[in-house]
């Protein structure tokens, strides 16, 4: 191979190794702590006023059930308010919501996004009335002690907090794999990061912030999708680290069919590409300023999506085997084995128990859908791709598990 070939292959090889080593380090670290929780009965200096913001676009199917579930908090009822940010709701849904002890903010946009809904709600919140703002998706169910644990974290001085989002459903093969992916993210990007002293990643819901800080930073965000990643970086650039509360559970509806899975992943990949373009130079500058939290935020964005990475390494291993090239086979084979082990140790045993042979047969279809999503990221970067909730499992690959 000539020198030009080496100049091409070497950086690619280094990038692949970086991906695997980064994930492996934080997967191992995740087993050594990583939560910033306090004992649930630990006294706090005061009960803070909390506003729970629920951005909801055409979520008539799930919103009533979610609101009723989220009103069952152990937190004093007079110390928190739930705000449903209703975008494109049916009149009958708004009528039913009016009979519940929640506040409804009706919004409308030419092009709806979560970021726009949250920004509008923050503008309407009475200044000084709340000490904490919590963000919850329309389908999310907060565990009864969720707000209690959020208040404890702010009592310890945290200004930004990420709760532990877990699967609310595992009724289809796609939902099981989506639940596994969620726990891999929690283990590596939240628990593992905090175990090594770095800031937790945000995940879009189950998050809590100082109202003034969130209002200011949300006004700076221009992402069509993936606003949470941009918000995370803006926090880190201001020197505000993010806590991870492993025991503060919030239950999230997982994707149930392949069509919605592809749409959601298209949005996520487009947001990741946008983030790298937006913050690459700034992330490098933060390294030289000693802001490892912000620099690490860039490193996380450079990681290839795990399903795509698994498929790529598998293909490379197979090519090395077929062409009879031991160095290629060994290089890709070692990386593949390390990545697989990294994923295995990041998934809780409770989810492994839900896997069946039928589910495993769905996995190649997930890979295919992820690859196909790459062809649609240009569209997703310009238009928000909504993920519907409360869908039936009709047409979902693999059926029930």
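Every residue, every condition in (1) assigned to a helix (DSSP H, G or I); (2) farther than 23 Å from residue 131 by Cα, yes or no:
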site: 193; (1), (2): yes, yes
site: 208; (1), (2): no, no
site: 213; (1), (2): yes, no
site: 216; (1), (2): yes, no
site: 221; (1), (2): no, no
site: 231; (1), (2): yes, no
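Evaluation of residue 66 against the conditions (1) in contact with a strand residue (DSSP E or B) (Cβ under 7 Å, 6 or more places away or on another chain); (2) outside any helix (DSSP H, G or I); (3) modelled with pLDDT of 95 or more shows that the sole unmet condition is (2). Taken over segment 77-98, residues that are touching a helix residue (DSSP H, G or I) at 6+ places or on another chain (Cβ under 9 Å) and assigned to a loop (DSSP other than H, G, I, E, B) amount to 1. Just for segment 110-125: of the residues that are assigned to a helix (DSSP H, G or I) and without any contact (Cβ under 8 Å) to a residue 40 or more places away in the chain, which one is nearest to residue 81 (Cα to Cα)? Looking at residues that are assigned to a helix (DSSP H, G or I) and without any contact (Cβ under 8 Å) to a residue 40 or more places away in the chain, I get 124.
What are the pairs, 6+ residues apart or on separate chains, where a residue within segment 83-94 that is closer than 16 Å to residue 112 by Cα has its Cβ under 7 Å from a residue that is in a helix (DSSP H, G or I)? Close Cβ pairs (under 7 Å, with a partner that is in a helix (DSSP H, G or I)) amount to 84/63; 84/67; 84/97; 85/117; 85/121; 86/94; 87/117. Scan segment 21-39 and tell me whether some residue there is outside any helix (DSSP H, G or I), over 30 Å from residue 304 (Cβ atoms), outside the structural domain of residue 151 (by TED's automatic domain parsing) and at pLDDT below 95. Scanning segment 21-39 turns up at least one residue that is outside any helix (DSSP H, G or I), over 30 Å from residue 304 (Cβ atoms), outside the structural domain of residue 151 (by TED's automatic domain parsing) and at pLDDT below 95. Looking only at residues of segment 240-259 that are crowded, with 22+ Cβ neighbours inside 10 Å and at pLDDT below 85, we find that the one that is farthest from the chain's Cα centre (by Cα) is 256.
Kindly establish whether residue 207 is under 15 Å from residue 237 (Cβ atoms), buried (at least 19 other Cβ atoms within 10 Å of the Cβ) and in contact (Cβ under 8 Å) with a residue 12 or more places away in the chain. So residue 207 does not fit the description; no. Screening the candidates 295, 332, 315 for the property of being surrounded by fewer than 16 Cβ atoms within 10 Å (Cβ to Cβ), without any contact (Cβ under 8 Å) to a residue 24 or more places away in the chain and outside any loop (DSSP other than H, G, I, E, B) yields one hit, 315.
The values are calculated or read from the model by the stated rules, or taken from the named source; none is laboratory data. Computed from a predicted structure; not experimentally measured. Positions of Cβ are backbone-derived with ideal geometry, glycine not excepted, and every protein chain shown enters the neighbour counts.
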